[in-house]
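The structure appears below as structure tokens.
The values are calculated or read from the model by the stated rules, or taken from the named source; none is laboratory data. Fair warning: this is a prediction, and the values are worked out from it, not measured in the lab. Here Cβ is always computed from backbone atoms with ideal geometry, including for glycine, and neighbour counts include all displayed protein chains.
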Amino acid sequence: MAPDPDHRASRRRIRPTPLLTFKQATEGRRYKVMARVPRLSKSRFQAGLQCPKRLWLTCHHPELADPIGEAKQAVFDLGHKVGELARARFPGGVLVAEDYTQTFSALQTTGRLIADGVSCLYEPAFEHEGILVRVDVLRKDGDRGWEIIEVKSSTQIKTEYISDAAIQAYVVRGAGMALARSGLLHLNNQYVYPGGPYDLEELFVLEDLTTQVEEYLPRIPALLTTMKAMLVGGCPEVSIGRRCRVPYDCEFMGHCRSFLPEFPVTDLPRVTDGLLFEFLGRGIHSTRDVPLSHPGLTARQRTVCEVAQSGEPRYGEGLAAGLADLVYPLHFLDFETINPALPLYEGTRPYQVIPVQWSCHTLDEDGALEHHEFIHREKADPRPALTDRLLATLAGPGTVVTYSGYEGTVLRGLADSQPRWAVEIADVLTRLFDLHKVVHEHVCHPEFHGRTSLKNVLPALVPDLSYRGLAIPNGEVATLRYREAVWGDLAECEREAVFDDLLEYCSLDTLAMVRLFAELRRRA
């Protein structure tokens, strides 16, 4: 594959410069049509399939993207880690090491390695019709030709993986390669880790996507023509909707939704695109302006609009009955878990949920409150010690109060993995009570903004108790911090500080339930 000798110059030519600022254009002034099309890539192609505006902003105004948070960065890091591990599944390959800022050099290196007879390459670069792709693994498939292999950290084939592989096949073939097969390598969620090095043949599943990719390929020229034509014009007008999160969370969500008011129509629970498009098209941006008689509203959506418009919370008549069957002492329980893509503990599978911490506030009938907690600080499997301590804390009578069905799922997982405690865990499961269900069915508050998660409900009903100012603000960050403290290279004092932060966060979750329960009893 011979590289384009004028590649550096062509890159300068295709870099577009709008004649007006983005601010001016979005205020209603017209764009002059741009003469050159920005370079596309497989990620940009996928962005264009999800939403043309996402692609346009990616190419012309990437600075408007939302900041990359810790959780999203962790997803990227996981993808890189799985990709690196997957290379060992195809040993003997050569890495094209140049990064995304060294496109011309990466294309040259790829061409040289193929000319030298290398039969397996990692991250080779190809360009065709102004589209650049980096293939995770490219290997010779005997006399049939070449095979591209896309590596994903998921455990199944997803629809978007077909178009991802297809644009790579389109470019690789267009660059002159005889492509015979397209494959997907993903994690195997049935793989049970025996300890020691991973068995890569068992950890990964190699799926043949050739048929699906070949069926998709004829669609690509028209799609590319549409995308390129769109990119030389002004920013397309596209309504917000389900596409903002499917198949991926769009990085421009904050920008595209900045016009929404304090009580946006996106607060409507389970709002469909059809209903959302109708309201936005009529200039109805707030739940405070939604006609309550609108026939498309569900009962819950109508209630959300009613409380937003009245400004008054609503407590259902069934609230008292919903809280009537609890048995003291009440044990308010919350778990923190990890679910590593690459198993950490012997006998576990990819993405298996592993509890590493719990908090329990116990309230007796006289109002006395006790707190017990546990966090596992070592690299060994946390479940035996965690389960032993938990069952000792929950021994005896009393309802076990949670704020979701998640704790029940975790307990059932513990029963499967710790059969010696299966009877005791089964008893705890019979005592579970989901406080979230009571809130969801009987309470609606304008400050809930249509959602009933604990972090939405607490500031509305118990405003003096808050997660603001905590070093760990949510469960996603808690997972990242725990992995960092146990499996990272922190100094001992830093590890202890993280464990303290984790204990404070989990403790607040159960204290929040205690205070919320008291408020609900008062309102019942």
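Conditions tested, residue by residue: (1) assigned to a loop (DSSP other than H, G, I, E, B); (2) more than 27 Å from residue 250 (Cβ to Cβ); (3) among the basic types (Lys, Arg).
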{"residue": "49", "(1), (2), (3)": "no, no, no"}
{"residue": "53", "(1), (2), (3)": "no, no, yes"}
{"residue": "63", "(1), (2), (3)": "no, no, no"}
{"residue": "68", "(1), (2), (3)": "yes, no, no"}
{"residue": "75", "(1), (2), (3)": "no, no, no"}
{"residue": "85", "(1), (2), (3)": "no, yes, no"}
{"residue": "89", "(1), (2), (3)": "yes, yes, yes"}
{"residue": "100", "(1), (2), (3)": "yes, no, no"}
{"residue": "106", "(1), (2), (3)": "no, yes, no"}
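Applying a threshold of 7 Å to beta carbon distances and a minimum spacing of six or more residues, or different chains, the list of pairs starting in segment 96-123 at a residue that is over 17 Å from residue 137 (Cα atoms) and ending at one that is at pLDDT 95 or above reads 103/125; 103/132; 105/98. The residues of segment 471-524 that are without any contact (Cβ under 8 Å) to a residue 12 or more places away in the chain and closer than 25 Å to residue 318 by Cβ, listed by number, are 518, 522. So, in segment 479-501, of the ones that are in contact with a helix residue (DSSP H, G or I) (Cβ under 7 Å, 6 or more places away or on another chain) and aliphatic (A, V, I, L, M), which residue ends up surrounded by the most Cβ atoms within 10 Å (Cβ to Cβ)? The selected residue is 498. All of 57, 132 fail the test of being part of a helix (DSSP H, G or I) and assigned by TED's automatic domain parsing to the domain that holds residue 223, apart from 57. Anything in segment 391-417 that is closer than 30 Å to residue 484 by Cβ and free of Cβ contacts under 8 Å to residues at least 40 places away in the same chain? List them, or say none. Listed by number, the residues that qualify are 391, 392, 404, 405, 408, 411, 412, 415, 416. Against the criterion of being touching a helix residue (DSSP H, G or I) at 6+ places or on another chain (Cβ under 9 Å), among the small types (Gly, Ala, Ser) and closer than 25 Å to residue 452 by Cα, residue 341 does not qualify. Any residue at all in segment 345-353 that's touching a helix residue (DSSP H, G or I) at 6+ places or on another chain (Cβ under 7 Å) and over 21 Å from residue 487 (Cβ atoms)? Within segment 345-353, none of the residues are touching a helix residue (DSSP H, G or I) at 6+ places or on another chain (Cβ under 7 Å) and over 21 Å from residue 487 (Cβ atoms). Just one residue in the set 274, 233 is farther than 30 Å from residue 146 by Cα and not in a loop (DSSP other than H, G, I, E, B); that residue is 274. Restricting attention to segment 174-225 and to residues that are among the β-branched types (Val, Ile, Thr) and in contact with a Gly (Cβ under 8 Å, 6 or more places away or on another chain), the residue that is surrounded by the fewest Cβ atoms within 10 Å (Cβ to Cβ) turns out to be 192. Has segment 150-170 got any residue that is within 19 Å of residue 95 (Cα to Cα), surrounded by 15 or more Cβ atoms within 10 Å (Cβ to Cβ), out of contact with any Gly (no Cβ under 6 Å at 6 or more places or on another chain) and small (Gly, Ala, Ser)? The answer is no, given that none of the residues of segment 150-170 is within 19 Å of residue 95 (Cα to Cα), surrounded by 15 or more Cβ atoms within 10 Å (Cβ to Cβ), out of contact with any Gly (no Cβ under 6 Å at 6 or more places or on another chain) and small (Gly, Ala, Ser).
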